[in-house]
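Worksheet: one structure, shown below.
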Amino acid sequence: MKVLFVVQGEGRGHLTQALTMEKALRDNGHEVVEILVGRSKTRELPGFFMKRAKAPVSGFWSPNFLPSKANQRIGLTRSIAYNLIKSPMYLSTIHFLYQRIKHSEADLVINFYEILTGITYFLLRPNVPEVCIGHQYLFMHPDYSFPTEHKMSQKLMLAFTKVTSLGAEKKLALSFRQACDVDKKKIAVVPPLLRDDVLSMDCACEDFITGYILNAGFSASVMQWHDAHPDVPLHFFWDKEGADETTRIDETLTFHRIDDKKFLQYLSHCKAYATTGGFESVCEAMYMGKPVMMVPAHVEQECNANEAMNEGAGVVADRFDMDKLRTFTDTHTPDTTFRDWENSAKWMIVSRLEAVVESHQEHLQTAGFAFSRYFHWVTIKDTFKKFTFWN
């Protein structure tokens, strides 16, 4: 089958999921014809994605969340106002997506949490089936347990998630653990989409902490802790615009521009991992058996952090206080069941994608047969009427 990807470009997780999915499809004899990535002026498409993607990559303007003035957490009011102003441009994007889907000759569109794809399917109804993939679709599961705080933000996030999945034949909810499918809501629970590099990485436990901060404003919190603990080696990855590949603050604190392979090398050899709570990197740390501290930057990451904490993978904090992480590390025991669950990811996901395409093609054949019979009956009826009229 031929597949078209549409990927939300915000953050790293959806991009690495797309790369993993592309390889899994190719390994099973399928083809990814094009990858469309949502972009904005505040985010650069990482170089690792452009290097590793095999299919042609094109960008389009997409809604995005703006950071707060401190460049740490998401500024919700700023984000809403900004995207309302940009809405005429997004209408042009919807037309672009429809045309790309229409002319791609794809058998399937995989939507990695891009909201304009859902709106395109709602308004223009492309005749290519759509499958949505993301951890966020687990939020729609009736058994999902949300954190107790920020209920209004959770409702807004859930509404956003539902819009991304408009018109979807199936929603593949990436999950830390097994859960039952919900056929009524078209939800199938599947393992995370981790790259082969993660699954085959040799791990060690060296005496340093590594971390990932999406918004560079969190670096102030990291440096504040470092000033009080200069003897603890820290290697943090960020996406600070204009920063060098490596920014060495002193002998024990270094910031690195996000680089896929370099990040995994440090993650696989660190003693513990600190992050803002992105689903993808937390799963990578869990697979490698690394204790995690999560400092959520927005409501979605609060949900991720709450889940990971309940799974025994890490602790939640409101700032990068590595003392809390070091205390947790002393008692942390890796969960081996997560590795077994993750190792079944690719065949579970690919088989579900194939089933959607097969079902769609059977539906088209059935509809075509029904139309053919109807057309045949109308022709017979017309002939009979003409015959009786002339006689």
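Output the 0 to 90 degree angle, nearest 10, between the alpha-carbon long axis of helix 345-390 and the longest principal axis computed from the alpha carbons of the chain.
20
Relative contact order for the chain: what is it in percent, counting Cα pairs under 8 Å that are at least 6 residues apart?
Working: 663 pairs, mean separation 54.4, N = 391.
Contact order relative to length: 14 percent.
Per residue, how much accessible area does the chain have with a 1.4 Å probe, in Å²?
Details: 19010 Å² over 391 residues.
Counting only protein heavy atoms, the per-residue value for the chain is 49 Å².
Probe radius 1.4 Å, ligands and nucleic acids ignored: give me the carbon and sulfur share of the accessible area of the chain as a rounded percent. List each step's numbers first, then the result.
On the way: 10400 of 19010 Å².
The C+S portion of the solvent-accessible surface of the chain is 55 percent.
Quick check: pseudo-label points 7 Å beyond the Cα along Cα→Cβ at Thr252 and Lys185, how many nm apart are they?
Using points 7 Å along Cα→Cβ, the separation is 4.7 nm.
Most mobile of Val109, Val315, Val57 per a Gaussian network model of the chain (Cα springs, under 10 Å)?
Evaluated over the chain, the most mobile residue of the options is Val57.
How far is helix 13-27 tilted off the main Cα axis of the chain, in degrees rounded to 10, range 0 to 90?
Result, in degrees: 60.
Report, to the nearest 10°, how far helix 219-228 tilts away from the longest principal axis of the Cα atoms in the chain, using its own Cα long axis and a range of 0 to 90°.
Taking Cα atoms only, the helix is inclined about 20 degrees.
Could you run the Karplus curve 6.51 cos²θ - 1.76 cosθ + 1.60 with θ = phi - 60° over segment 49-54 and give me ³J(HN,Hα) per residue in whole Hz, x for Gly and Pro?
5, 5, 6, 9, 5, 8
I'd like the accessible area for Cys205, computed on protein heavy atoms only with a 1.4 Å probe and all protein chains in place. Round to 10 Å², please.
Its heavy atoms expose roughly 100 Å² to the probe.
List, in the order given, every pair from Lys2/Lys23; Lys151/Lys290; Lys151/Lys324 whose Cα-Cα distance in the structure shown is over 19 Å.
On the way: Lys2/Lys23 13 Å; Lys151/Lys290 30 Å; Lys151/Lys324 26 Å.
As for pairs spanning more than 19 Å Cα to Cα, those are Lys151/Lys290; Lys151/Lys324.
Restricting the count to DSSP beta bridges whose residues both fall in the chain, what percent are antiparallel, rounded to a multiple of 5? Walk me through the numbers before you get to the answer.
Numbers: 6 of 54 bridges.
Given both bridge residues lie in the chain, the antiparallel proportion sits at roughly 10 percent.
Please turn the phi angles of segment 316-322 into ³J(HN,Hα) values with the Karplus equation 6.51 cos²θ - 1.76 cosθ + 1.60 (θ = phi - 60°), one per residue in order, whole Hz, x for glycine and proline.
10, 9, 9, 7, 7, 9, 5
How would you classify segment 206-323 from its alpha-carbon gyration tensor, with a ≥ b ≥ c the square roots of the eigenvalues: rounded for a/c under 1.5, else prolate if a/b is greater than b/c, otherwise oblate?
On the way: a/c = 1.42, a/b = 1.39, b/c = 1.02.
Rounded, because the longest to shortest axis ratio a/c is under 1.5.
Which distance in nm do the two modelled labels at Leu156 and Ala355 give, with both placed 7 Å along the Cα-to-Cβ direction?
Label-label distance for Leu156 and Ala355, simple model: 3.6 nm.
Report the extension gain between Asp323 and Asn310 in nm, rounded to one decimal, defined as 0.36 nm multiplied by the number of residues separating them, less their alpha carbon distance.
Details: separation 13, 0.36 × 13 = 4.68 nm, distance 2.02 nm.
Residue separation times 0.36 nm, minus the Cα-Cα distance, leaves 2.7 nm.
Between Gln99 and Asp143, what is the label-to-label distance in nm when each label sits 7 Å out along the Cα-to-Cβ direction?
Label at Gln99, label at Asp143, 4.6 nm between them.
Using helices alone, what [θ] at 222 nm do you get for the chain, with -39,500 (n - 2.57) per DSSP H run of 4 or more residues, divided over all residues and rounded to the nearest 500?
Mean residue ellipticity, 222 nm, calculated: -14500 deg cm²/dmol.
The values are calculated or read from the model by the stated rules, or taken from the named source; none is laboratory data. Only a predicted model underlies this, so the values are computations on that prediction, with no experimental measurement involved. Cβ atoms come from the backbone with ideal geometry, glycine included; neighbour counts cover every protein chain shown. Calculation scope for accessible area: heavy atoms of the full protein, side chains included, ligands and nucleic acids excluded. Shrake-Rupley method; radii C 1.70, N 1.55, O 1.52, S 1.80 Å.
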